[in-house]
Amino acid sequence: MTESSFGRDLTRRHQLVTPSTVKAIISKIEAAQLKRAQEDISIQLSDILGNVNDVINRFQEDLGSDLKERKNNQGEQEKGKKRFDLLEKIASFSKAAETKERNLYEILNWMSEWGDNLSYETKPKESEKECDKQDEWVEVMERVLPLSLIATEGGIESLISLCSNLIEEQKKRKLRPKGNFWKAWREKILHKSSSPLQPLSPEQMLKDRNTTNAKDSAEKGREVRERS
């Protein structure tokens, strides 16, 4: 008997089946613990906010009239900004606690699902055919999983290389002088304006009267500019 077959026999003998009543009790205990932790955090935040308000009130009482005489719009804005920043920090702390709670709950569900799957896979099989299917599935996963990880790693490396090239190209564009972008366009416009207008032939005049009129107007305008 090989070591792998011996290990599989031991795995089949040890069942990982958790009764539904035990799962329900564990879920209730964990829910109660999470609720208690959330209540404790809320109480602590309320105490902190109360202490902050007490300190602010005590500070105002100690200064008395001097604070009232110096009070102006800028002072009110500064005080409001500080309070707003404090409330934002408290809100972010509470949100982080809720996020951790949600993540823990998702991890618990994930572990419960995998526990059920492992319990199903390790329970005694009714026939040798099912055992052979399980062994075949394990062998396939042993071959496919490393290849999948290698392919994923290669994809990540390709993505990193692509992003690096894009970033380098963006840096080169930022370092490129801005004047060169319009240089070719300006030279083209200047070349067109400096090139002399060629008169139309009689055949062209007869074919297109609109072109003849446009050329005539351009020639007259050019003569006026040269005289002035």
Any residue in region 87-103 that's more than 14 Å from residue 44 (Cα to Cα): show its pairings with residues that are assigned to a helix (DSSP H, G or I) at Cβ separation under 7 Å, as long as the two are six or more apart or on different chains.
-> 101/34; 101/38
Which residue, of 78, 106, 153, is at pLDDT 80 or above and either small (Gly, Ala, Ser) or more than 30 Å from residue 40 (Cα to Cα) (or both)?
-> 153
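Would you say residue 63 is surrounded by 11 or more Cβ atoms within 10 Å (Cβ to Cβ), modelled with pLDDT of 75 or more, of a type outside the set (Phe, Trp, Tyr) and outside the structural domain of residue 134 (by TED's automatic domain parsing)?
Here the answer is no, as residue 63 does not meet what is asked.
Within region 35-45, can one find any residue that is at pLDDT 80 or above, in a helix (DSSP H, G or I), among the hydroxyl-bearing types (Ser, Thr, Tyr) and in the same structural domain as residue 114 (by TED's automatic domain parsing)?
Start the filter on region 35-45 by keeping residues that are at pLDDT 80 or above, which leaves 35-45.
If we keep only those that are in a helix (DSSP H, G or I) as well, we get 35-45.
Next, only the ones that are among the hydroxyl-bearing types (Ser, Thr, Tyr) stay: 42.
Now restrict to residues that are in the same structural domain as residue 114 (by TED's automatic domain parsing): 42.
Within region 35-45, one or more residues are at pLDDT 80 or above, in a helix (DSSP H, G or I), among the hydroxyl-bearing types (Ser, Thr, Tyr) and in the same structural domain as residue 114 (by TED's automatic domain parsing).
Based on this model, can you work out whether residue 16 counts as within 30 Å of residue 134 (Cα to Cα), at pLDDT below 75, outside any helix (DSSP H, G or I) and out of contact with any strand residue (DSSP E or B) (no Cβ under 7 Å at 6 or more places or on another chain)? Write out each step before concluding.
Values: within 30 Å of residue 134 (Cα to Cα): yes; at pLDDT below 75: yes; outside any helix (DSSP H, G or I): yes; out of contact with any strand residue (DSSP E or B) (no Cβ under 7 Å at 6 or more places or on another chain): yes.
It is true that residue 16 is within 30 Å of residue 134 (Cα to Cα), at pLDDT below 75, outside any helix (DSSP H, G or I) and out of contact with any strand residue (DSSP E or B) (no Cβ under 7 Å at 6 or more places or on another chain).
The values are calculated or read from the model by the stated rules, or taken from the named source; none is laboratory data. Please read these numbers as outputs of a predicted model, since none were measured by experiment. So basically every Cβ, Gly included, is an ideal-geometry build from the backbone, and we count neighbours across all protein chains shown.
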